[in-house]
């Protein structure tokens, strides 16, 4: 059963997980592919991308999804990235997939936005993958040219 996302517009912190927690998101070449598909969906849906962090079995994103809304944006990102990756990793194709649902939190004020940005940027440290934030290669901190600027509230 698909999850109902009552709020479709605004700025959101989104978490999407892999199926049965398979750790395919950081396989060789996969993170760059996910970043490319995230940016492609951003451009197609006239969204704004503010931050992301790709971890082995889930991805955090902060974005404004554009005029078609959050559900359409996420469906496009998830389905297009999986289709492409399954073609690239044929032998492991069954392991590649997203959970149908995703989790979102609408960001309503400056404090909540600051907390969400810190959480996303520090998530690899939280999971014990690195000792320092900048040691994790798959955070938007290393890809500033791919990001839209956040307005001052």
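Among the residues of the stretch 127-140, the one identified as assigned to a helix (DSSP H, G or I) and in contact (Cβ under 8 Å) with a residue 40 or more places away in the chain is 140. What are the residues in the stretch 57-93 that are without any contact (Cβ under 8 Å) to a residue 40 or more places away in the chain, in contact with a strand residue (DSSP E or B) (Cβ under 9 Å, 6 or more places away or on another chain) and surrounded by 15 or more Cβ atoms within 10 Å (Cβ to Cβ), if any? Residues satisfying the conditions are 66, 73, 82. Filtering the stretch 9-21 to residues that are surrounded by fewer than 17 Cβ atoms within 10 Å (Cβ to Cβ) and either out of contact with any strand residue (DSSP E or B) (no Cβ under 9 Å at 6 or more places or on another chain) or under 16 Å from residue 50 (Cβ atoms) (or both) leaves 9, 10, 20.
Rundown of residues vs (1) within 14 Å of the chain's Cα centre (by Cα); (2) at pLDDT below 95; (3) assigned to a helix (DSSP H, G or I), yes/no style:
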| residue | (1), (2), (3) |
| --- | --- |
| 82 | yes, yes, yes |
| 87 | no, yes, yes |
| 101 | yes, yes, no |
| 114 | no, yes, yes |
| 120 | yes, no, yes |
| 125 | no, yes, yes |
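So residue 93 fits all but one of (1) under 15 Å from residue 30 (Cα atoms); (2) within 16 Å of the chain's Cα centre (by Cα); (3) not in a loop (DSSP other than H, G, I, E, B); what number is the exception? Exception for residue 93: condition (2).
Among residues of the stretch 23-45 that are on the phi > 0 side of the Ramachandran plot and loosely packed, with under 14 Cβ neighbours inside 10 Å, those with a Cβ under 8 angstrom from a residue that is assigned to a helix (DSSP H, G or I) and at pLDDT below 95, sequence gap 6+ or separate chain, pair up as 29/88.
The values are calculated or read from the model by the stated rules, or taken from the named source; none is laboratory data. This one's a predicted model, so the numbers in the text were calculated from it and none came from an experiment. We place every Cβ from the backbone using ideal geometry, glycine too, and count neighbours over all the protein chains shown.
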